[in-house]
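Values in this text are rule-based calculations from the coordinates and carry no lab data. All of these numbers come straight from a predicted model, not from anything done at the bench. As a convention, Cβ positions derive from the backbone with ideal geometry for all residues, glycine included, and neighbour counts pool all protein chains shown.
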């Protein structure tokens, strides 16, 4: 079974969910805003792809951070920020058990499923 991490109101997450459902893929949805985000969970996801890939620097939330927070970002602070502000996590994240896909690209999903 796959795990899809995202935010239910995100249009890209909706596209990924629709794709998985059309392909009859068994998955569970983990809503990053509604479910508990632990340091262990975020750190384990980050360890697989790197904080630079997971951190969404194009988000509105990122633009609203203090300049000092942006300049001081590193692995530790990125994980802390992603826990505090789940919208800083690029989404969706699809955990296939073997790999972690970041974002929704049909070609990538088709290649893995």
Of (1) farther than 18 Å from residue 4 by Cα; (2) assigned to a helix (DSSP H, G or I); (3) touching a helix residue (DSSP H, G or I) at 6+ places or on another chain (Cβ under 9 Å), residue 15 fails just (1)
Can you name the residue in the range 51-96 that is free of Cβ contacts under 8 Å to residues at least 60 places away in the same chain, part of a helix (DSSP H, G or I) and under 10 Å from the mean Cα position of the chain (by Cα) and is also surrounded by the most Cβ atoms within 10 Å (Cβ to Cβ) among such residues?
82
Checklist (1) under 13 Å from the mean Cα position of the chain (by Cα); (2) closer than 19 Å to residue 104 by Cβ; (3) without any contact (Cβ under 8 Å) to a residue 40 or more places away in the chain; (4) in a helix (DSSP H, G or I) applied to residue 30, failing item
(4)
Among the residues of the range 33-49, write down those that are surrounded by 11 or more Cβ atoms within 10 Å (Cβ to Cβ), in contact with a helix residue (DSSP H, G or I) (Cβ under 8 Å, 6 or more places away or on another chain) and not in a helix (DSSP H, G or I).
33, 37
Picked from the range 97-113 (must be within 20 Å of residue 33 (Cα to Cα) and in contact (Cβ under 8 Å) with a residue 24 or more places away in the chain), the residue surrounded by the most Cβ atoms within 10 Å (Cβ to Cβ) is 104
